[in-house]
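S.K.: Shown below is the structure under consideration.
A short reminder: the numbers here are calculations on the coordinates, not readings from a lab. Small disclaimer: the values here were computed from a predicted structure and weren't measured. Positions of Cβ are generated from backbone atoms using ideal geometry, with glycine treated the same way; all protein chains shown enter the neighbour counts.
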Amino acid sequence: MARVKRAVNAKKRRRTLQERTKGYYGTSSRTLRGMKEQSRHSLQYAYRDRRNKKREIRRLWIQRINAATRANGMSYSTFMHGLKVAGVELDRKVLSQIAYEDEAAFAQLVEVAKKALEA
């Protein structure tokens, strides 16, 4: 029975690691051990940060809405409560786009929230 030679598979594995760690500094892109370690860490960071990205984007939306509501003399929490009472079903993404792009339309939304809270 012929013996198994691993040259092709081993080279392919190393080549994949080299492509994945290309551009990293020092050992992380030069030695096999460093490449393996850096690749594993990089994949973990990518997995973690795909989830963190969603949090950061939501925080940005809230900051934009808060800045726009304060410019119109209201706080973020009372504005959101006013919209809920008024029955306006716009999510934070859309509200932040309106606040960022169209200040007049956002001012009207603030008035709707104020009226709903007064009633």
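S.K.: Can you find, within the stretch 69-91, the residue that is farthest from E56 (Cα to Cα) among those that are out of contact with any Ser or Thr (no Cβ under 7 Å at 6 or more places or on another chain) and crowded, with 16+ Cβ neighbours inside 10 Å? Spell out how you get there, then give the answer.
M.R.: Pass one, the stretch 69-91, residues out of contact with any Ser or Thr (no Cβ under 7 Å at 6 or more places or on another chain): 70-74, 77-78, 80-91.
Those still in the list that are crowded, with 16+ Cβ neighbours inside 10 Å too: 72, 74, 80, 82-83, 86.
On the way: N72: 25, M74: 24, M80: 19, G82: 25, L83: 23, A86: 28 Å.
The qualifying residue farthest from E56 (Cα to Cα) is A86.
S.K.: Okay, next question. Filtering the stretch 1-35 down to residues that are of a type in the set (K, R) and either surrounded by 12 or more Cβ atoms within 10 Å (Cβ to Cβ) or part of a helix (DSSP H, G or I) (or both), which residue is farthest from the chain's Cα centre (by Cα)?
M.R.: Here is the first cut: in the stretch 1-35, the ones of a type in the set (K, R) are 3, 5-6, 11-15, 20, 22, 30, 33.
In the following step, the residues that additionally are either surrounded by 12 or more Cβ atoms within 10 Å (Cβ to Cβ) or part of a helix (DSSP H, G or I) (or both) were identified as 11-15, 20, 30, 33.
Details: K11: 36, K12: 34, R13: 32, R14: 32, R15: 31, R20: 23, R30: 31, R33: 31 Å.
Ranking the qualifying residues of the stretch 1-35, first place goes to K11.
S.K.: Got a sec? Which of Q108, Q97 is among the polar types (S, T, N, Q) and under 25 Å from the mean Cα position of the chain (by Cα)? Let's see the steps before the verdict.
M.R.: On the way: Q108 fails: under 25 Å from the mean Cα position of the chain (by Cα).
Exactly one residue qualifies, and that residue is Q97.
S.K.: Then there is this: Within the set of pairs 6+ apart or on separate chains, which have a first residue in the stretch 53-74 that is more than 10 Å from R92 (Cβ to Cβ), a second that is part of a helix (DSSP H, G or I) and aliphatic (A, V, I, L, M), and C-beta atoms under 6 Å apart?
M.R.: Here the result reads A68/A99; N72/A107; N72/V110; M74/V110, each pair linking the stretch 53-74 to a residue that is part of a helix (DSSP H, G or I) and aliphatic (A, V, I, L, M).
S.K.: Do the conditions hold for A67, that is, is it within 29 Å of K115 (Cβ to Cβ), in a helix (DSSP H, G or I), among the small types (G, A, S) and under 22 Å from the mean Cα position of the chain (by Cα)?
M.R.: Working: within 29 Å of K115 (Cβ to Cβ): yes; in a helix (DSSP H, G or I): yes; among the small types (G, A, S): yes; under 22 Å from the mean Cα position of the chain (by Cα): yes.
Answer is yes for this residue.
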